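Scroll down for the structure; my scribbles are underneath it.
The values are calculated or read from the model by the stated rules, or taken from the named source; none is laboratory data. All of these numbers come straight from a predicted model, not from anything done at the bench. Virtual Cβ from ideal backbone geometry, glycine too; neighbours counted across all protein chains shown.
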Amino acid sequence: MSDATGFEPKIVAYVCNWCTYLGADLAGTNRLEYPPNVRIVRLPCTGRIDFNLLIKTFEMGADAVIVSGCHPGDCHYTAGNYHARRRWTMFRELLDTLGFEMDRIHFAWISAAEGKKFQQFITETTEKTRALGPYTAYREICEASR
């Protein structure tokens with residue numbers, strides 16, 4: 001349900017093909033309801049995410065971004081999720097320095113058997129994003145850098 005202003009967040013989720021995407025599919029198969037605010041982009045592995053993609057997502061109007069994949073140690077590509085986690089540690093500092101709101105970027109490890117966890121995570125993320133309101137800081141960051 002939207003707040004008094006009618007704001008409904010736009011959330012983009014970059015998910016692993018082998019785990020989180022199948023967890024989302026399981027949630028759907030089990031008819032678990034969650035907010036329709038999330039658009040899922042299926043990738044082979046979270047280790048394949050170029051974090052500039054996250055910036056581009058905000059540039060295109062997203063209010064939040066989710067990155068989710070296999071649990072550490074269970075990656076179908078051996079260590080892809082470890083690579084993503086390592087890159088995120090470095091990239092997070094850069095985003096924080098640039099002034100991005102870190103509350104708008106969410107990471108999760110959700111396996112193919114965790115449809116209920118997927119539903120809960122999407123619901124919580126949508127509620128948090130709705131409480132934060134529309135993300136306008138990206139436009140302000142871009143205007144300041146001109």
(request) Name every residue in segment 56-83 that is assigned to a loop (DSSP other than H, G, I, E, B) and either within 22 Å of F100 (Cβ to Cβ) or not small (G, A, S) (or both), in order of residue number. (result) M60, G61, A62, D63, C70, H71, P72, D74, C75, H76, Y77, T78
(request) Could you please find all residues in segment 89-144 being of a type in the set (F, W, Y) and in a helix (DSSP H, G or I)? (result) F91, F118, F121, Y138
(request) Restricting attention to segment 107-136, report how many residues are at pLDDT below 90 and surrounded by 15 or more Cβ atoms within 10 Å (Cβ to Cβ). (result) 0
(request) For N52, indicate whether it is over 12 Å from the mean Cα position of the chain (by Cα) and closer than 22 Å to G115 by Cα. (result) no
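For every residue, the table says whether it meets (1) more than 13 Å from I105 (Cα to Cα); (2) surrounded by 13 or more Cβ atoms within 10 Å (Cβ to Cβ); (3) not hydrophobic (A, V, I, L, M, F, W, C).
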position: T57; (1), (2), (3): no, yes, yes
position: G61; (1), (2), (3): yes, no, yes
position: I66; (1), (2), (3): no, yes, no
position: Y82; (1), (2), (3): yes, yes, yes
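For (1) of a type in the set (D, E); (2) at pLDDT 95 or above, each residue gets a yes or a no:
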{"site": "T5", "(1), (2)": "no, no"}
{"site": "V15", "(1), (2)": "no, yes"}
{"site": "G23", "(1), (2)": "no, yes"}
{"site": "G28", "(1), (2)": "no, yes"}
{"site": "E33", "(1), (2)": "yes, yes"}
{"site": "N37", "(1), (2)": "no, yes"}
{"site": "I40", "(1), (2)": "no, yes"}
{"site": "G47", "(1), (2)": "no, no"}
(request) Identify all residues within segment 1-51 that are in contact with a Gly (Cβ under 8 Å, 6 or more places away or on another chain), outside any loop (DSSP other than H, G, I, E, B) and either crowded, with 20+ Cβ neighbours inside 10 Å or of a type in the set (A, V, I, L, M) (or both); write none if there are none. (result) V15, C16, T20, G23, A24, L26, A27, T46, G47
(request) Check segment 50-64 and report whether any residue there is of a type outside the set (G, A, S) and touching a Ser or Thr at 6+ places or on another chain (Cβ under 9 Å). (result) yes
(message) Here's a check for you: in segment 86-106, which residue that is surrounded by 13 or more Cβ atoms within 10 Å (Cβ to Cβ) and not hydrophobic (A, V, I, L, M, F, W, C) is nearest to Y21 (Cα to Cα)?
(response) H106
